[in-house]
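Trainee: Okay, here's the structure, questions in a sec.
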Amino acid sequence: MRGKIITVSSVLALLFACFLTGTPSAEAQDSSAPSGEEAITPFLLPDAGPFEPKSLGEQNTAAITAWLKGGHADATAEAFTHWDDEGAVPPNCSVCHAGAGFRSFHGLDGSEPGLPEAPIPAGGVVDCETCHNDGLASISELTLPSGVVHPVVGVEAACMTCHQGRAAGATVENATASKPDDTVDAELRFVNPHYATAAASWLGGYGGAGYHYPGKTYSGRFFHARPVASCVSCHNPHSLEVKVETCATCHDAETPEAIRIRKQSYDGSGNLSVGIRSDIAANAQLLMATLVTYTGEVAGTALVFEPHYPYFFADANGDGVADQVDGSSVNYAAWTPRSLKAAYNWKLVTADPGIYAHNPHYALELLYDSIEDLAGATDSVDFDSLNILR
C-alpha cells in the first residue's frame, strides 16, 4: 500500500516509534502524518527479518536519514510509481524497481535465481535488504547485456545489477547485421540502453555497452587513482551523494563538474577553463545535430528527441517539432542502420549524467566516432571543420 508524499522528518518519527515496539501505534501514525495527509503506512521497511524497524536501533538513524533523502527511497518517483495503475511490477522490471524483485532475481529470498515467476506488488523501493542482504556475499559475477561476465564483490553486486543498462552494442549490431547502412528499414526500432547506466559507463569498452565502430579501439574500465575502486568510493551508499572530499584529494576544482582531465579541447571550442563535462555535453549536442541532418538528408525524414518513450519522433517537414496525430507525437520509423547506431550511442552517453566522472574517455570516443560516421554519409557536414578530438 502506498501513502501520500511523505517527509523525512515524518518518516523518522514513525521509525523511532517502531524501534521499541516493532509496529507503529495509532498515536505514532497520527502524530507523524503531516496535517491533512493520510497516516503513513510502514512500507519503507519490511515487517520481518533483520531490517524491521525494531531491529535497526538508534545507532543507524544517520544511515536511515541519508537513505530517506536519496533516490533509492523516493517512493513518489517514476521509477517506483510507474506500475501503480497495474498494481504490480513485471518480473523483468522488478529486478531493479522493487527490492523484492531484486532478491528474487538473485535467489536471496530462498527462490531459485532468475527472473521472478510472477509480477511483484507495486509500492516497493530499493530498501535496506537490497544492499545489506547477507546473501550478496555469495554473488561473485554478473553477466552484462554484452555477454561479458564481470566479477563483483559485496555491494557491487547490487549497484551493478541495476546500473549496467539493458542493452549493449551487441544488441545494436545484431539488429543491423547485413543491412545496408543508409537504407531505411521498417523492421528497425530504436534500441534503448535504459537509464542511469553508470556501471556500463564505468566499465567502458571492456563492458561493451556502446556500439563500437569497426577498426576503432575503445578505452576500458576507468581506473581512478586509489582508493577510488568502487561505486561507494565516490558515492555515499545511503544518500547516493558524491563524496566531494574524495575528489579534492587529487583535483583542484570547486566541484566534480569543474574537473578537467586533459589540457586540450575536445569540443573544438578551445575553452580549457571548464570541466570535461562541458566538452562531453557539447559533443553530445553536436551528435544530435548531425543525426538530425543525416536523417533529413539520407533517410528522407528528420527525427527529433523528446524526453519520453520511445524518445525519437518524426519531423517530416524539418521544422524541429515532432509531427502530431490526434495530439500525440509520431514515432520515428525511418531508421537506417547508421542512424540507429549513432542514436543508441547518444542515448547511452546522455543516460548517465555522471559519465564525465565515470568514464570521460569512453564517452568522448563514442561521440566522436558516431559523429564521424554520420558526417561521412552527408553532403552538408564537413567533419574536419568541426575540430573535435577523440
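Trainee: Going by amide H atoms built from the backbone, whose H comes under 5 Å of the H on Ile120, apart from near neighbours?
Mentor: Amide H neighbours of Ile120, under 5 Å, 5+ apart: Val89.
Trainee: Can you tell me, using C-alpha contacts under 8 Å and at least 6 residues apart, the relative contact order of the stretch 102-156 as a whole percent? Mind showing how you got there, number by number?
Mentor: On the way: 48 pairs, mean separation 12.9, N = 55.
Averaging sequence separation for qualifying contacts and normalising by length gives 23 percent for the stretch 102-156.
Trainee: Net charge near Gln264: determine it from the other residues with C-beta under 14 Å of the C-beta of Gln264, scoring Lys and Arg +1 and Asp and Glu -1. Working shown, then result.
Mentor: Working: positive: Arg260, Arg262, Lys263, Arg390; negative: Asp267, Asp279.
Taking every Cβ under 14 Å from that of Gln264, the sum is +2.
Trainee: Hey, rough spin-label estimate for Glu254 and Ala137, points 7 angstrom out along Cα→Cβ, what's it come to in nanometres?
Mentor: The two pseudo-label positions are separated by 4.6 nm.
Trainee: Shape call for the chain from the C-alpha gyration tensor, a ≥ b ≥ c root eigenvalues: rounded (a/c under 1.5), prolate (a/b greater than b/c) or oblate? Don't skip to the answer; put the middle values down first.
Mentor: Values: a/c = 1.99, a/b = 1.65, b/c = 1.21.
In terms of gyration-tensor shape, prolate.
Trainee: Which of the DSSP-defined H helices in the chain satisfy a minimum axial length of 24 Å, computed from C-alpha atoms, and a minimum mean Kyte-Doolittle hydropathy of 0.0?
Mentor: Numbers: long enough: 276-294 (27 Å, 0.80).
What comes out of the filter, once short or polar helices are dropped, is 276-294.
Trainee: Separate question: Could you do me a favour and compute the accessible area per residue for the chain, 1.4 Å probe, result in Å²?
Mentor: Working: 18920 Å² over 390 residues.
Value returned for the chain: 49 Å² of accessible area per residue.
Trainee: What percent does the relative contact order of the chain come to when contacts are Cα pairs within less than 8 Å and at least six residues apart? Spell out each step's value before the answer.
Mentor: Numbers: 649 pairs, mean separation 51.8, N = 390.
This gives 13 percent for the chain.
Trainee: Further question: Can you check what the net charge comes to around Asp279, using other residues whose Cβ is under 13 Å from the Cβ of Asp279 (Lys, Arg +1; Asp, Glu -1)?
Mentor: Computed value for this residue: +2.
Trainee: I want to check a number: in the chain, how many lysine pairs have alpha carbons closer than 22 Å, given a sequence separation of 8 or more or different chains? Kindly include the intermediate steps, with their values, before the conclusion.
Mentor: Details: Lys4/Lys69; Lys54/Lys69; Lys69/Lys243; Lys179/Lys216; Lys179/Lys341; Lys179/Lys347; Lys216/Lys341; Lys216/Lys347.
Lysine pair count for the chain: 8.
Trainee: Report, for the chain, the % of DSSP beta bridges that are antiparallel, rounded to 5. Can you show the working numbers first?
Mentor: Values: 13 of 13 bridges.
The antiparallel proportion sits near 100 percent.
Trainee: Could I ask something else about it? So how do Asp134, Asp267, Asp109, Asp84 rank on accessible area, 1.4 Å probe, biggest first, that is with the largest at the start?
Mentor: Values: Asp134 140, Asp267 30, Asp109 85, Asp84 60 Å².
Output order, biggest surface exposure first: Asp134, Asp109, Asp84, Asp267.
Trainee: Using the Cα centre as the reference, give the magnitude of the dipole from point charges on the C-beta atoms of the chain (Lys, Arg: +1; Asp, Glu: -1; all else neutral), rounded to the nearest 20 debye. List each step's numbers first, then the result.
Mentor: On the way: 20 positive and 46 negative charges, 217 e Å.
The calculation lands at about 1040 debye.
Trainee: While we're looking at this one, here's another question. Would you mind telling me the share, in percent, of accessible area of the stretch 277-333 contributed by carbon and sulfur at probe 1.4 angstrom?
Mentor: Numbers: 1430 of 2720 Å².
Heavy-atom surface of the stretch 277-333 belonging to carbon and sulfur, 1.4 Å probe: 53 percent.
Trainee: Give me the distance between the Cα centres of the stretch 73-125 and the stretch 132-153, rounded to whole Å.
Mentor: The stretch 73-125 and the stretch 132-153 have Cα centres spaced 18 Å from each other.
Trainee: Using the Karplus equation 6.51 cos²θ - 1.76 cosθ + 1.60 (θ = phi - 60°), what ³J(HN,Hα) coupling, rounded to whole Hz, does each residue of the stretch 94-104 give in order, writing x for Gly and Pro?
Mentor: Once rounded to whole Hz, the list reads 5, 4, 10, 10, 6, x, 5, x, 4, 5, 5.
Trainee: Here is a follow-up. Given H placed on each backbone N at 1.01 Å, which residues far from Leu142 in sequence or on other chains put an amide H within less than 5 Å of it?
Mentor: The list, which skips near neighbours in sequence, is His150, Val152.
Trainee: Rank Arg189, Arg277, Arg338, Arg221 by accessible area, highest first, at a 1.4 Å probe radius? Numbers along the way, then the final one.
Mentor: On the way: Arg189 145, Arg277 120, Arg338 30, Arg221 60 Å².
Heavy-atom accessible area, descending, gives Arg189, Arg277, Arg221, Arg338.
Trainee: The stretch 179-273: which GluC sites (Glu not before Pro) are DSSP loop and have at most 15 other beta-carbon atoms within 10 angstrom? Walk me through the numbers on the way to the answer.
Mentor: Details: sites: Glu187, Glu241, Glu245, Glu254, Glu257; in loops: Glu187, Glu241, Glu254.
Those satisfying the criteria are Glu187, Glu241, Glu254.
Trainee: Then there's this: So how exposed is His361, as accessible area in Å² (1.4 Å probe, rounded to 10)?
Mentor: Counting only protein heavy atoms, the figure is 50 Å².
Trainee: Residues in the stretch 214-235 near a label at Thr246, defined as backbone nitrogen under 15 Å from the 7 Å Cα→Cβ point?
Mentor: 222-235
The values are calculated or read from the model by the stated rules, or taken from the named source; none is laboratory data. Predicted model, so just to flag it, every value in this text is computed and none were measured. Note that each Cβ is placed from the backbone with ideal geometry, even for glycine, and that neighbours are counted across all protein chains shown. Ligands, DNA and RNA are excluded from the accessible area calculation, which covers all protein heavy atoms including side chains. Shrake-Rupley method; radii C 1.70, N 1.55, O 1.52, S 1.80 Å.
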